[in-house]
Amino acid sequence: MTTQMTTPVSAPVNDPAALPRPLTFRERHESQIRQWRLYAHMFRKSFSSMLGLTLVVIFLLLAAFGPVLAPFPEAASGAIDMSNKLMPPGGANWFGTDEMGADIFSRVIMGARTSLWIGLIITGIGALIGVPLGIIAGYNGGWVRAIIMRITELFLAVPGLALALAIVAALGPGITNCVLALSLVWWPGYVRLVEAKTLSVKEELFVESARSIGARTPWILWHHILPNCLSPIIVKMSMDMGMAILSAASLGFIGLGAQPPAPEWGAMISVARTYMPDWWWYSLFPGAAIFLTVLGFNLLGDGLRDILDPRSRDR
Amino acid sequence: MTGPLLNIKNYRLDIGTFDGPVHVLKDINLTVNRGDTLGIVGESGSGKTVLVRSVLGIGPKNSKVIEGSITFDGQDITALSERDWTKIRGIRISMIFQDPMTYLNPLFTVGRQISDVIAAHEKAGGQGVSSKAARRVRTEELLDQVGLPNPAMLFSQYPHQLSGGMRQRVLIAMALAGKPDLLIADEPTTALDVTVQAQVLDLINSLVEKLNLTVIMISHDIGAIATIAKRCAVMYKGEIVEQGLTADILSRPQHEYTQRLLAAVPDIDAAAAKVAAESSPANPAKPGALLQAIDLKKIYRSQSGTEFAAVDGISLSVKTGEIFGVVGESGSGKSTLARMLLRLIEPTSGDIIFDGQSISGLTGEPLRQMRRHMQFVFQNPHSALNGRHTIGDAIGEPLHIQTGMSRRDIEARTEALLDIVQLPKMFKYRYPHELSGGQKQRVCIARAIALNPRLLILDEPTSALDISVQAQVLDFLQQLRAELNLTYVFISHNLAVIRQICDRTIVMKRGEIVEQGDTEQIFLSPRQDYTKALIESGRKTSRAASLGPRADRIR
């Protein structure tokens with residue numbers, strides 16, 4: 001195709017061989033800087049990506065500085081103030097108070113940190129198990145692939161949440177067990193994704209080229225296959241953050257995850273359920289927090305997918 | 001009927017990119033009269049495809065017409081609505097594309113696809129769609145017109161059952177379905193084998209005469225243009241640098257770029273002025289074979305159990321210091337052979353001997369060590385480099401893997417290698433997508449010679465490159481061989497290139513050696529019919545042929 005618009009680097013005319021002085025950081029990394037600016041430019045153009053990024057940044061800030069920002073940090077640790085119970089939003093309690101008189105605004109803010117580490121651990125463990133298995137399955141083929149993929153499919157055949165439920169039920173309710181259970185059901189998605197990507201990357205000429213210079217398999221996997229599988233992994237992890245938070249909240253909601261009075265959004269809604277609809281604010285605000293966080297991570301993932309798409313690369 | 005059919009005036013087109021607008025077309029002036037055959041020659045990135053696509057209203061995204069107009073049959077089509085386009089596109093102007101496989105839908109029969117095109121035209125033309133039977137008759141007529149045998153049977157065949165040349169004919173039939181005033185052919189022969197190329201060009205020529213077609217053909221291959229086009233325009237960096245009668249341009253190129261382009265075309269009829277390897281004092285004593293293959297076979301078994309021999313019992317012997325050519329059309333097994341010589345593909349049977357040692361039994365560490373001595377340069381430099389590694393990483397990779405050199409030494413050696421392949425040292429910080437094709441191929445060569453190998457296997461190293469770049473790379477390869485005392489196995493489908501640089505050559509067909517011997521001897525007195533046919537078709541598009549009889553015919 002002749003429409004391809006590459007930008008050949010023009011060689012310095014005078015003496016191409018000589019490098020008169022050590023290059024500055026900027027000169028050495030010119031290519032990367034341009035690439036990142038291009039990413040930023042494309043990302044900024046899309047409203048939904050920016051909305052996603054904003055939501056995620058707010059969420060991260062709340063998680064980082066929650067205890068400082070919350071007006072009543074003691075509300076998270078189960079402080080009881082019965083004189084103030086179930087107050088509607090307004091005044092000192094922006095989101096109202098719950099049946100123990102704790103400030104819901106503070107509890108929602110404090111819940112961000114819980115949700116963040118739930119999301120990070122679940123997607124992290126999921127990727128840590130799934131990515132290596134996927135690469136090995138895709139690159140090796142044969143019976144190794146058959147075994148890994150059959151086990152993966154076995155896990156995929158059972159609905160993830162139902163399986164996690166069974167595991168938590170066996171281990172006993174609690175936030176640690178909940179995270180553990182979800183991590184254990186989260187990896188098959190990564191195996192599938194990475195295996196498919198590996199299958200296509202390993203047919204690329206540069207992999208054969210690496211073989212022809214005598215590269216060993218681990219070198220090829222680490223230096224050639226993995227970097228080229230990275231974009232879909234990043235996109236999936238970003239979207240999975242939202243889903244993992246939602247799943248953990250679901251387990252919390254049915255009482256198998258975090259236990260009240262821990263400030264976890266799912267657990268808060270679980271208690272608030274009995275106060276519907278008269279004391280609507282009790283469930284609305286934790287629910288909105290879950291909604292906005294999941295939305296934010298999904299939009300961010302969509303945006304990342306668009307800019308990491310190889311078809312939009314060489315511009 | 002008086003004015004020109006197509007008139008492009010002061011046409012300028014920009015494409016908006018992240019780095020600001022790129023001026024893709026600069027002040028294009030071009031007229032095409034009825035019955036004209038116009039060729040547009042240019043290298044990749046010269047803007048020729050963008051130009052003809054603009055004529056068809058399918059220009060690139062984010063493009064903006066800055067100035068000028070395109071008039072088709074008296075009507076300004078620069079800013080036509082999508083609705084009005086449907087009456088022109090495919091009906092009055094139609095196009096043949098480069099790759100016949102990707103433009104046919106594998107799920108439908110050939111007949112159905114052409115019938116659908118006819119129906120679409122009838123619908124767009126405002127008249128009712130004719131009956132299925134009527135369309136079938138018309139389709140078979142079209143298939144017959146493009147010289148396909150047995151149209152009735154072909155009607156119900158699927159694209160995968162046809163060869164590349166037949167598919168291209170089907171596409172031409174499809175393009176003719178609307179009885180177009182103007183036919184645009186975008187590199188119609190590039191994806192085809194030499195012998196098929198010649199046939200397709202003949203077909204286009206005969207259609208021009210029979211149907212009084214007006215044709216614009218674009219190609220990077222000046223030989224193909226010369227066989228078709230009476231008039232010709234040369235494009236370079238978005239400009240038309242020269243236009244006029246093809247014969248004039250070929251015999252008396254005015255612009256410096258055209259001269260350069262013509263000089264770069266390898267001539268199949270020119271005996272190469274080789275850097276005589278035999279007389280070179282650098283490698284006197286060792287006339288022995290560096291690489292030998294004995295009865296090498298690769299058999300693939302399909303799922304239905306039938307066996308297919310990609311390489312069927314090939315024996316060859318490459319002497320130290322020579323350039324050994326392997327020539328053949330696609331599917332002849334030459335790439336499979338090359339990969340087997342390096343053990344990238346396991347041979348089914350046979351033996352490979354490198355420097356007196358059999359390497360077909362090697363595994364693990366000894367095989368890895370052996371790979372130092374023989375290296376591979378791939379056909380497509382665009383995909384042979386990992387897009388996520390810098391050029392420095394790519395060249396340094398073999399040193400990392402095969403030697404215990406320190407990081408600093410590797411850096412130094414990388415810079416030295418960039419020097420050898422005549423690229424600036426700055427490039428080690430660049431990424432492959434920032435380099436042009438020729439530059440990338442030089443990087444691939446630098447990578448291949450990093451470990452001081454003794455043998456390089458070059459699998460069509462220039463076929464993905466522009467002609468002027470091809471000439472540079474070929475020169476460079478010869479120079480390099482003299483400097484580093486290398487032996488080459490050079491694989492190509494391009495006979496002119498083979499003749500230019502190879503000492504000895506084998507001709508392959510369907511996994512077997514048809515003919516072998518001295519390159520000059522093969523070209524001067526081919527013994528086998530296949531070789532004769534191959535050379536004859538190569539000659540057809542070669543410059544010499546087009547300058548000779550064709551020029552006479554025009555005068």
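The values are calculated or read from the model by the stated rules, or taken from the named source; none is laboratory data. Because the structure is a prediction, the values reported are computed rather than measured. Cβ placement follows ideal geometry from the backbone for every residue including glycine, while neighbour counts extend to all protein chains displayed.
What the table below lists for this structure:
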| quantity | calculated |
| --- | --- |
| Residue count for segment B:1-60, restricted to those that are among the charged types (D, E, K, R), touching a strand residue (DSSP E or B) at 6+ places or on another chain (Cβ under 6 Å) and farther than 16 Å from residue B:79 by Cβ | 5 |
| In segment B:430-439, residue surrounded by the most Cβ atoms within 10 Å (Cβ to Cβ) [restricted to those that are more than 8 Å from chain A (Cβ to nearest Cβ) and either within 19 Å of residue B:468 (Cβ to Cβ) or of a type in the set (Val, Ile, Thr) (or both)] | B:437 |
| Helices (runs of 4 or more DSSP H) wholly inside segment A:90-194 that include at least 1 residues being touching a strand residue (DSSP E or B) at 6+ places or on another chain (Cβ under 8 Å) and either more than 18 Å from residue A:258 (Cβ to Cβ) or at pLDDT below 85 (or both) | A:104-140 |
| Tally of residues being more than 7 Å from chain A (Cβ to nearest Cβ) and either farther than 15 Å from residue B:447 by Cβ or not charged (D, E, K, R) (or both) across segment B:378-408 | 19 |
| Which numbered condition residue A:215 misses (of (1) part of a helix (DSSP H, G or I); (2) closer than 30 Å to residue B:343 by Cα) | (1) |
| Failed item, numbered, when residue B:212 is tested on (1) within 14 Å of another protein chain (Cβ to nearest Cβ); (2) of a type outside the set (D, E, K, R); (3) on the phi > 0 side of the Ramachandran plot | (1) |
| Matching residues in segment B:16-42 - criterion: being surrounded by 20 or more Cβ atoms within 10 Å (Cβ to Cβ) and within 14 Å of another protein chain (Cβ to nearest Cβ) | B:24, B:25, B:40, B:41, B:42 |
| Options B:166, B:217, B:235: the member that is over 12 Å from residue B:96 (Cα atoms), modelled with pLDDT of 90 or more and outside the structural domain of residue B:531 (by TED's automatic domain parsing) | B:235 |
| Test: residue in segment B:397-415 that is surrounded by fewer than 18 Cβ atoms within 10 Å (Cβ to Cβ), within 31 Å of the chain's Cα centre (by Cα) and either over 25 Å from residue A:230 (Cβ atoms) or assigned by TED's automatic domain parsing to the domain that holds residue B:485 (or both) | no |
| Residue count, segment A:40-81 (criterion: within 14 Å of another protein chain (Cβ to nearest Cβ) and surrounded by 15 or more Cβ atoms within 10 Å (Cβ to Cβ)) | 2 |
| Test for residue A:290: is it surrounded by 22 or more Cβ atoms within 10 Å (Cβ to Cβ), hydrophobic (A, V, I, L, M, F, W, C), at pLDDT below 90 and in a helix (DSSP H, G or I) | yes |
| Some residue of segment B:70-82 being out of contact with any Asp or Glu (no Cβ under 6 Å at 6 or more places or on another chain), outside the structural domain of residue B:438 (by TED's automatic domain parsing), assigned to a helix (DSSP H, G or I) and more than 19 Å from residue B:220 (Cβ to Cβ) | yes |
| Single residue of segment A:1-59 satisfying the filter (part of a loop (DSSP other than H, G, I, E, B) and modelled with pLDDT of 80 or more) that is nearest to residue B:425 (Cα to Cα) | A:29 |
| Count of segment A:134-156 residues which are within 14 Å of residue A:184 (Cα to Cα) and aliphatic (A, V, I, L, M) | 3 |
| Hits in segment B:440-453 - residues which are buried (at least 19 other Cβ atoms within 10 Å of the Cβ) and either farther than 20 Å from residue A:213 by Cα or more than 9 Å from chain A (Cβ to nearest Cβ) (or both) | B:440, B:441, B:442, B:443, B:445, B:446, B:449, B:453 |
| Check on residue B:547, assigned to a loop (DSSP other than H, G, I, E, B) and either at pLDDT below 85 or of a type in the set (A, V, I, L, M, F, W, C) (or both) | no |
| Any hit, segment B:457-471, residues being within 11 Å of chain A (Cβ to nearest Cβ) and modelled with pLDDT of 85 or more | yes |
| Pairs with Cβ under 6 Å, 6+ apart, first in segment B:409-429 and more than 8 Å from chain A (Cβ to nearest Cβ), second of a type in the set (Val, Ile, Thr) | B:414/B:395; B:417/B:395; B:421/B:445; B:428/B:391; B:428/B:414 |
| Selection from segment B:83-117 of residues that are in contact with a Leu (Cβ under 8 Å, 6 or more places away or on another chain), over 23 Å from residue B:162 (Cα atoms) and part of a helix (DSSP H, G or I) | B:88 |
| Enumeration of residues in segment B:462-501 that are part of a loop (DSSP other than H, G, I, E, B) and over 20 Å from the mean Cα position of the chain (by Cα) | B:485, B:486 |
| Residue match in segment A:103-115 (condition: aliphatic (A, V, I, L, M), over 18 Å from residue A:297 (Cβ atoms), in contact (Cβ under 8 Å) with a residue 24 or more places away in the chain and surrounded by fewer than 22 Cβ atoms within 10 Å (Cβ to Cβ)) | no |
| Tally, over segment B:121-158, of residues that are surrounded by 15 or more Cβ atoms within 10 Å (Cβ to Cβ), aliphatic (A, V, I, L, M) and within 15 Å of residue B:173 (Cα to Cα) | 5 |
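Okay, residues lined up against (1) of a type in the set (Gly, Ala, Ser); (2) in contact (Cβ under 8 Å) with a residue 24 or more places away in the chain:
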position: A:237; (1), (2): no, yes
position: A:240; (1), (2): no, yes
position: A:243; (1), (2): no, yes
position: A:256; (1), (2): no, yes
position: A:259; (1), (2): no, yes
position: A:263; (1), (2): no, yes
position: A:280; (1), (2): no, no
position: A:287; (1), (2): yes, no
